[in-house]
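Below: one structure, written as structure tokens.
Computed from the coordinates by the stated procedures, all read-outs in this text should not be read as laboratory data. Keep in mind the model is a prediction, meaning the values are calculated, not measured. Cβ sites come from the backbone with ideal geometry, for glycine too, and all protein chains shown count toward neighbours.
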């Protein structure tokens with residue numbers, strides 16, 4: 001049994017962290033693996049601190065074994081004040097692991113694990129005319145976007161722009177339903193759930209990829225100069241079955257020509273089913289506790305020792321706010 005500590009319990013908002021929680025729960029349900037949400041930290045032998053910092057101050061003295069992340073901190077210094085040496089910290093992909101290692105994180109083992117994609121919800125649509133191309137834009141320079149638009153107009157290709165943060169999930173699915181393929185003009189991703197959902201709909205991609213963190217100066221999150229040389233990608237999980245990767249917009253016209261003639265030959269959904277299924281990724285999360293010699297079968301038969309909910313003391317909230325205030329001011 002896993003006790004999931006999360007600030008996204010029962011949240012109706014659609015975000016990356018809420019997807020991580022909800023998709024994992026769906027996968028655990030498929031496995032029939034027991035879990036509870038936000039129960040006291042002594043109620044189970046396995047704890048997954050999926051998001052929020054609330055339980056971190058107690059990790060040091062817990063008998064339970066803790067897996068932390070991936071939605072707890074952006075930078076390692078945000079959790080440096082907590083003793084989490086007995087835990088494992090999860091990142092969504094290998095790029096994020098390298099990023100934290102370069103920033104000096106050494107509090108506990110770092111591992112990566114991507115959440116599964118709901119392939120029952122994001123399904124291919126057949127029998128409808130694929131009349132357009134989806135152009136997805138997220139935190140990249142507008143002159144690059146205009147460059148892509150000009151190339152599509154020059155080739156007389158109908159397209160629909162999907163700007164990050166300006167659509168809901170059903171609108172996104174509706175555009176995917178109409179699209180022969182997608183041109184993905186996005187930023188660095190630690191996993192890239194939205195992109196993988198498009199692949200699950202069997203929509204192949206031309207990905208205008210990034211190569212290093214320094215390309216993100218137009219993003220809402222600005223990284224320090226000291227880490228801008230670190231390699232980065234928009235597609236940590238991708239293969240030739242999914243589509244085409246370009247790192248220079250001069251390569252885009254050739255990629256469009258290839259995709260226009262061969263879009264139906266790609267099989268991106270097969271890649272997602274094989275590598276990112278809900279059930280498979282939930283099993284990989286459960287298997288993290290093998291690090292401490294805790295078996296899958298033992299966890300299947302565990303029951304919660306308490307029905308009480310986890311509540312963080314008010315003094316701990318105050319201390320955290322003080323620490324974060326000093327941390328933020330020091331970084332400025």
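The largest-to-smallest principal axis extents of the Cα set in the chain are 63, 47, 31 Å. With Cα atoms as the point set, the range 132-275 shows a radius of gyration and Dmax of 14.6, 43 Å. Each label was represented as a point 7 Å from its Cα along the Cα-to-Cβ direction; for residue 30 and residue 81 these points are 4.0 nm apart.
With r as the distance between the Cβ atoms of residue 254 and residue 130 and R0 = 25 Å, compute the FRET efficiency 1/(1 + (r/R0)^6) and round to 0.05. Please list the in-between numbers first.
Details: r = 21 Å, r/R0 = 0.85.
Efficiency, rounded to the nearest 0.05: 0.75.
Going from the residue with the fewest nearby Cβ atoms within 10 Å to the one with the most, 139, 121, 154 rank 154, 121, 139. Angle between the Cα long axis of helix 169-178 and the longest principal axis of the chain, 0 to 90 degrees, nearest 10? Value to nearest ten degrees: 30. Put in order of Cβ neighbour count within 10 Å, fewest first, the listed residues 159, 10 become 10, 159. For 294, 300, 205, the sequence from fewest to most other C-beta atoms within 10 Å is 300, 294, 205. In this label model, residue 160 and residue 302 are separated by 4.5 nm, measuring between points 7 Å along each Cα→Cβ vector.
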